[in-house]
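Reviewing the structure listed below.
The values are calculated or read from the model by the stated rules, or taken from the named source; none is laboratory data. Please read all numbers here as calculations on a predicted model, not as lab measurements. Note: ideal-geometry Cβ built from the backbone for every residue, glycine included; neighbour counts use all protein chains shown. With ligands, DNA and RNA removed, areas are computed over all heavy atoms of the protein, side chains included. Shrake-Rupley method; radii C 1.70, N 1.55, O 1.52, S 1.80 Å.
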Amino acid sequence: MAALTALEVLPTRLEGVDRLMGGGFPRGGLTEICGPASSGRTSLALAALATATAEGECCAYVDTDGVFDPQSAAEAGVKLERLLWVRCAGSLENALRCADLVVQAGGFGAVVFDLGRVPPETARRIPAAHWFRLRRAVEGTRTALLIVAQQPNAKAAASRILEMRRGGLEWSGGLLQGARRQATLRKPVRPETVCLEWRAVG
Amino acid sequence: MYACAHAPGRPEALEILAEFSPLVEQTGKGTAIADLRGMEALLGAPSQMAETLWRSLRAVDPEARLALAANPDTAFYAALGFPGVTVVPPGREAEMLAPLPLTLLIGDPETLDTLRQWGLRSFRDLAALPEHELVARLGQSAADWWRRARGEQARPLRLAPAGLPIRETLELEDPVELLEPLLFLLARQLNSVCAKLAARGLATHEIRLTLNGRTRFYRPPVAIRNPRTFLKLMQLDLERRPPGEPVHSLALEALPADPRVAQSGLFTPPRPEPEKLEITVARIAALVGRENVGVPEILDTHRPDAFRLLPPAWDGGPALQPAHPPQRRLALRRFRPPKPCDWPRLLREAERMAGPWRTCGDWWTPDAWDRDEYDVALPGGAAYRVFRDNRTGLWFWEGQYD
């Protein structure tokens, strides 16, 4: 098993994920959080934003399809006053340019680039040069760049690829109480899978 | 030495003197006095000071007048009384001011008439009389006139407030139609405005650009004085909202403010540089629209998905806070606008559902809402939120739990 190199990381404060990732999402690197809908990608990205904003860092959310829910983010602990939200109304081209601008501006603790609703065949057509450009922009900085997508796209440009899977829903008393999700590190490959539980109600 | 610049009707006199000294008095419209004491090492002897100041002043108004003297009032009367440049050597104030008419010194017509009847016409005539006798006949004001006529009146300057706007205007003989030459002109104007701000040790938190009488506002989140930042903001704004007609006049007005003083601490988390962030937000706004970029703020209402976006203002945030474990909350990815839902089909296909949860509000306004929400699980584990709009009876997918 390849040991994860010691990097400056952005912890999620979720024990299983932090252990799996070697402490958290690497700063100065690009991490892909991949998986199908309802696999917990967004909840995990919000957990990272919550940690970063709670420590006083400014973060950004580049939202290709305008799916970000401020209420969910606030409930997850994200300090909204330290979050720059960019809505791209479904334009992948604009989203790519906005992500580039945000990353080039520098000074952000974490940048989430949400491609979660972009069809995999469309996302695959993004030139590899674009991912390397994003990676190059965050290298040597304290910015953790998180890509939320259905499938890995950055591949070689990514420092980490985390695969998320659905693990069932919890119902109780006629209420959706929560959801179980599974996370596996695909780059570098680790055989371990961690289970995460998310609550739907307070 | 004190310098008095007199350019009737031109407010630039104050701005020109302010470039040389922070201690400037706005004595009248178009007249200003600057305290240049202690600046000999920088500006040279009084004659060199006069030459330097005169070059700047003459560029604004060739008819302007300039006088340097050891006290403010002597400089003031010399500037009003003599054309061109006058340097009053220390100790020779009374001699230099002697030929000036008393109308410069005294504004009251009755007093002037009295003095004329006594045969007094000039500063020399008044200065030659005994001070006590004048006070006995004309009151305490006469002592003030007497000292001024002799060039002996010393007083502190009534300093102009630092917040006076800095203006640059330009009238064009040939209107400018293209953006590139307009930006070239704007760059010159901005350089001049920012240089004046820098000379006063100030910055600006608002610049107003007036093109053909229409004003645009540029308000960075912190006070800055970098002309390149403002030029980029103006370029992005003009590309997004062109003037719509050839530009024949442009004016810039900067409202001065104290510059940002920021000392990064060892334990302070890094933030985007305000100037760079402002340009980044402007660039993004040019791509996706101003309404689609900003800091979200949840509105104080129970209406679903009620928020607004504010411009980021992250200068000097609160100190480092202890990090709490994040809440493990299931996030919702909203569909905007909500997608129509085939409810009968969903009832057949849904693996499990919970609800309804009814919310309604603002029933007293045309913008009321009334809906029943359901959490729905589809085969395979995907979870969604759907709702029925009770006002229309239609069903919608609101979002997806992720």
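Pairs under 6 Å by beta carbon, first residue over 15 Å from B:Val176 (Cβ atoms) in segment B:205-217, partner of a type in the set (A, V, I, L, M, F, W, C), six or more apart or different chains?
B:His205/B:Ala223; B:His205/B:Ala257; B:Glu206/B:Leu255; B:Ile207/B:Phe230; B:Ile207/B:Ala254; B:Arg208/B:Phe217; B:Arg216/B:Leu209
Quick one: in segment B:135-158, which of the residues that are in contact with a strand residue (DSSP E or B) (Cβ under 8 Å, 6 or more places away or on another chain) and open to solvent by less than 90 Å² (accessible area, probe 1.4 Å) is nearest to B:Glu12 (Cα to Cα)?
By that ranking, first place goes to B:Leu157.
Please give the number of the condition A:Gly56 fails out of (1) at the interface with chain B (Cβ under 10 Å from one of its Cβ atoms); (2) assigned to a helix (DSSP H, G or I).
Among (1) at the interface with chain B (Cβ under 10 Å from one of its Cβ atoms); (2) assigned to a helix (DSSP H, G or I), the lone unmet condition for A:Gly56 is (2).
Among the residues of segment B:219-238, write down those that are at pLDDT 90 or above, of a type outside the set (S, T, N, Q) and touching a helix residue (DSSP H, G or I) at 6+ places or on another chain (Cβ under 8 Å).
Result: B:Pro227, B:Phe230, B:Leu231, B:Lys232, B:Leu233, B:Met234, B:Leu236, B:Asp237, B:Leu238.
Within the set of pairs 6+ apart or on separate chains, which have a first residue in segment B:376-396 that is without any contact (Cβ under 8 Å) to a residue 24 or more places away in the chain and hydroxyl-bearing (Ser, Thr, Tyr), a second that is outside any strand (DSSP E or B) and surrounded by fewer than 20 Cβ atoms within 10 Å (Cβ to Cβ), and C-beta atoms under 8 Å apart?
As it stands, the answer is B:Tyr384/B:Leu378, since those pairs meet every condition given.
Do the conditions hold for B:Arg241, that is, is it open to solvent by 20 Å² or more (accessible area, probe 1.4 Å), more than 10 Å from every other protein chain (Cβ to nearest Cβ) and at pLDDT 85 or above?
Here the answer is yes, as B:Arg241 does meet what is asked.
Of everything in segment A:107-138 that's open to solvent by 30 Å² or more (accessible area, probe 1.4 Å) and aliphatic (A, V, I, L, M), which residue is farthest from the other protein chains (Cβ to nearest Cβ)?
Applying the filter and picking the extreme gives A:Ala128.
Do we find that B:Thr268 is out of contact with any Gly (no Cβ under 8 Å at 6 or more places or on another chain) and of a type in the set (Ser, Thr, Tyr) in this structure?
Judged against the criteria, B:Thr268 is not a match.
Being among the polar types (S, T, N, Q) and open to solvent by less than 50 Å² (accessible area, probe 1.4 Å) is the filter here, so list the residues in segment B:115-128 that pass it.
B:Ser122
What number of residues within segment B:244-260 are open to solvent by 30 Å² or more (accessible area, probe 1.4 Å) and either of a type outside the set (D, E, K, R) or within 10 Å of the chain's Cα centre (by Cα) (or both)?
6
When you scan segment A:61-88, how many residues do you find that are outside any loop (DSSP other than H, G, I, E, B) and surrounded by fewer than 24 Cβ atoms within 10 Å (Cβ to Cβ)?
Total satisfying the criteria: 8.
Keeping to segment A:119-154, report how many residues are under 15 Å from the mean Cα position of the chain (by Cα) and over 15 Å from A:Asp100 (Cα atoms).
Summing the residues that are under 15 Å from the mean Cα position of the chain (by Cα) and over 15 Å from A:Asp100 (Cα atoms) in segment A:119-154 gives 6.
For segment B:1-102, which fully contained strands (runs of 3 or more DSSP E) count at least 1 residues that are crowded, with 24+ Cβ neighbours inside 10 Å and not hydroxyl-bearing (Ser, Thr, Tyr)?
Filter on segment B:1-102 gives B:2-6, B:24-28, B:31-35, B:65-69.
Name the single residue, out of those in segment A:182-202 being under 19 Å from the mean Cα position of the chain (by Cα) and facing chain B (nearest Cβ under 9 Å), that is farthest from A:Ile33 (Cα to Cα).
Out of the qualifying residues, it is A:Arg199.
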